[in-house]
Amino acid sequence: MSGLTFADWQKRAETLQIEGRAYINGAYTAADSGETFACISPIDGRTLAQVSSCDSSDADRAIASARATFNSGTWSQMAPAERKQVLCRFADLLEEHAEELALLETLDMGKPISDALAVDIPGSAEAIRWSAEATDKLYDEIAPTPREQLGLITREPVGVVAAVVPWNFPLMMACWKLGPALASGNSVVLKPSEKSPLTAIRIAALATEAGLPNGVLNVLPGFGHKVGKALGLHMDVDTLVFTGSTRTAKQLLVYAGESNMKRVWLEAGGKSPNIVFADAKDLEEAAAAVATGIAFNQGEVCTAGSRLLVEKSIKERFLPMVVAAIKAWKPGNPLDPQTNVGALADNQQLNTVLSYIEAGKAEGAKVLVGGNRVMQESGGLYVEPTIFDGVTNSMKIAREEIFGPVLSVIEFDGVEDAIRIANDTLYGLGAGLWTSNLSKAHQTARALRSGSVWVNQYDAGDMTAPFGGFKQSGNGRDKSLHAFDKYTELKATWIKL
Ligand code: NAD
């Protein structure tokens with residue numbers, strides 16, 4: 001941890017130099033149109049920077065640069081061990097600039113500075129380094145052909161990758177894509193969310209400083225319907241990787257179908273169940289994890305445990321523990337290292353969360369704790385962590401992703417009932433379960449239709465295991481060696497001997 005105080009961070013925020021321009025072919029550049037948009041901090045409403053508002057003209061420029069560099073082979077044909085060294089230097093630079101990047105992230109999207117420093121920046125560097133370290137350890141295959149044939153099965157970079165990413169973990173979601181995409185030898189055009197473009201813009205220069213050739217990493221800030229759509233429809237993007245909402249994910253599939261059938265890999269939304277069985281070993285521990293699962297990062301987490309499924313026989317005993325645990329999560333100025341709940345990302349997100357709280361009340365669910373916007377005098381966008389009791393799985397607050405600190409408590413009776421309710425959702429990203437019965441843990445884990453299952457914990461993970469969703473939570477996986485599948489084409493070469 002940095003040892004910097006609230007006052008130190010505030011002082012640094014005053015003097016921080018912020019770059020808002022796009023990055024194309026190794027240099028910062030204004031949008032062709034000259035248009036910009038104001039990047040506003042949700043902490044207090046201050047304008048942080050004017051950011052380039054890119055459109056299809058800038059996308060053409062960035063893609064042309066990415067394609068030319070890819071074809072030149074300076075990166076795509078570099079020896080894997082050399083690519084590894086450049087990317088490890090890039091990871092080192094992210095770490096050396098950890099405080100600056102954490103501050104940008106916090107100012108831009110409102111998360112607590114302590115989380116940005118402990119989770120986002122190290123997680124971003126690790127994603128780059130882990131993928132880099134893998135590149136010179138991945139071998140190709142030889143097919144079990146008849147003796148007169150030699151069948152080579154090789155992986156090649158796909159070419160130009162467009163990466164469209166969200167605002168909740170802006171840099172880390174970008175780096176989950178950049179790590180394996182760059183390590184595989186591709187050129188990338190990265191489009192950060194209009195709500196949080198600043199760290200993506202900043203790291204482009206660090207990548208160049210690390211030795212990435214010009215054109216290998218381009219960053220295009222701007223609105224999704226302009227620059228994101230242009231990337232989705234572009235005839236010269238080979239692969240589109242995405243993290244964001246299911247609504248946008250479906251649109252990207254349409255763009256691919258309407259253009260060049262580019263490969264589309266999607267990490268989308270979730271409505272994850274956290275199931276607490278009556279035989280959980282330690283209910284206090286489970287309650288603390290339930291609170292963290294919905295309050296961490298203001299609930300703006302794709303795997304937020306937004307549906308608490310609690311067994312009927314322990315509900316009366318367990319809920320007060322959850323209420324007590326969530327009271328430890330209090331909104332505050334995110335630049336204060338003591339703060340554990342920051343601001344919501346922007347006005348739109350604030351209004352969405354507040355409208356779901358109203359919808360929950362209107363449908364007859366009961367607010368046990370929270371439910372209000374707070375700290376309005378700060379000019380920032382803060383909402384108390386909120387728990388609804390008496391929710392049924394058919395209510396809007398149980399079916400739709402809120403993407404805020406709002407927990408729905410749903411009662412169940414027995415294992416079958418828990419599994420039925422847990423799987424009764426469009427999504428399939430994460431699921432937690434708490435029990436001291438080993439067979440029940442395995443059987444329930446198998447029955448849950450989700451990409452990650454956590455037993456007697458919630459939201460564990462690192463670069464070693466794949467991350468992604470079943471059903472409308474997406475396709476393909478980020479992290480682990482499986483992530484490389486998105487960024488490589490398989491080639492079979494038949495040699496007659
Ligand atoms: P979003 O879909 O609104 O935006 C994501 C990105 O898509 C942004 O860069 C945005 O500008 C762009 N975009 C928006 N409309 C577009 C269009 N028509 N064409 C092309 N691009 C477009 O999502 P968000 O609000 O930024 O992020 C929140 C969502 O992300 C939640 O649903 C959350 O669950 C999901 N998420 C998923 C994961 C995961 O790994 N599965 C991780 C983090 C967040």
> Before we move on, is residue 327 surrounded by fewer than 23 Cβ atoms within 10 Å (Cβ to Cβ), touching a residue at least 24 places away in the same chain (Cβ under 8 Å) and either basic (Lys, Arg) or not assigned by the TED database to the domain that holds residue 304 (or both)?
Replying inline: yes
> Under the condition of being of a type in the set (Val, Ile, Thr) and under 23 Å from residue 205 (Cβ atoms), which residue from segment 1-19 is surrounded by the fewest Cβ atoms within 10 Å (Cβ to Cβ)?
Replying inline: 15
>> Checking the condition touching a residue at least 40 places away in the same chain (Cβ under 8 Å), in contact with a helix residue (DSSP H, G or I) (Cβ under 8 Å, 6 or more places away or on another chain), over 23 Å from residue 346 (Cα atoms) and crowded, with 17+ Cβ neighbours inside 10 Å, which residue from 31, 22 passes?
In response: 31
> In this structure, is residue 227 closer than 27 Å to residue 138 by Cβ and not polar (S, T, N, Q)?
Replying inline: no
> From the list 397, 387, which one is under 26 Å from residue 343 (Cβ atoms) and within 16 Å of the ligand (Cβ to nearest atom)?
Replying inline: 397
>> Criterion first (in contact (Cβ under 8 Å) with a residue 12 or more places away in the chain, within 26 Å of residue 428 (Cβ to Cβ) and either outside any helix (DSSP H, G or I) or within 15 Å of the ligand (Cβ to nearest atom) (or both)) does residue 310 satisfy it?
In response: yes
> Mind checking which residues of segment 460-497 are out of contact with any strand residue (DSSP E or B) (no Cβ under 7 Å at 6 or more places or on another chain), closer than 14 Å to residue 428 by Cα and charged (D, E, K, R)?
Replying inline: 471
> In segment 259-281, what residues are within 16 Å of the ligand (Cβ to nearest atom), assigned to a strand (DSSP E or B) and touching a helix residue (DSSP H, G or I) at 6+ places or on another chain (Cβ under 7 Å)?
Replying inline: 264, 265, 266, 273, 274
>> Which pairs turn up if I take residues in segment 411-429 that are farther than 30 Å from residue 244 by Cα and modelled with pLDDT of 95 or more and look for partners that are in a helix (DSSP H, G or I) and of a type outside the set (A, V, I, L, M, F, W, C) with beta carbon separation below 6 Å, at least 6 apart in sequence or on another chain?
In response: 413/312
> In segment 154-176, how many are in a loop (DSSP other than H, G, I, E, B) and more than 15 Å from the ligand (Cβ to nearest atom)?
Replying inline: 2
>> Residue pairs, Cβ under 7 Å, 6 or more apart or interchain, first in segment 357-375 and within 17 Å of residue 403 (Cα to Cα), second among the small types (Gly, Ala, Ser) and assigned to a loop (DSSP other than H, G, I, E, B). List them.
In response: 357/371
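One line per residue, one yes/no per condition, for (1) of a type in the set (Ser, Thr, Tyr); (2) surrounded by fewer than 19 Cβ atoms within 10 Å (Cβ to Cβ); (3) within 29 Å of residue 19 (Cβ to Cβ); (4) more than 10 Å from the ligand (Cβ to nearest atom):
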site: 189; (1), (2), (3), (4): no, no, yes, yes
site: 227; (1), (2), (3), (4): no, no, yes, no
site: 239; (1), (2), (3), (4): yes, no, yes, yes
site: 247; (1), (2), (3), (4): no, yes, no, no
site: 251; (1), (2), (3), (4): no, yes, no, no
site: 257; (1), (2), (3), (4): no, yes, no, yes
site: 283; (1), (2), (3), (4): no, yes, no, yes
site: 301; (1), (2), (3), (4): no, no, yes, no
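The values are calculated or read from the model by the stated rules, or taken from the named source; none is laboratory data. Here the structure is a predicted model, which is why all the values come from computation and not from measurement. Don't worry about glycine lacking a Cβ; one is built from the backbone with ideal geometry, like all the others, and counts go over all protein chains shown.
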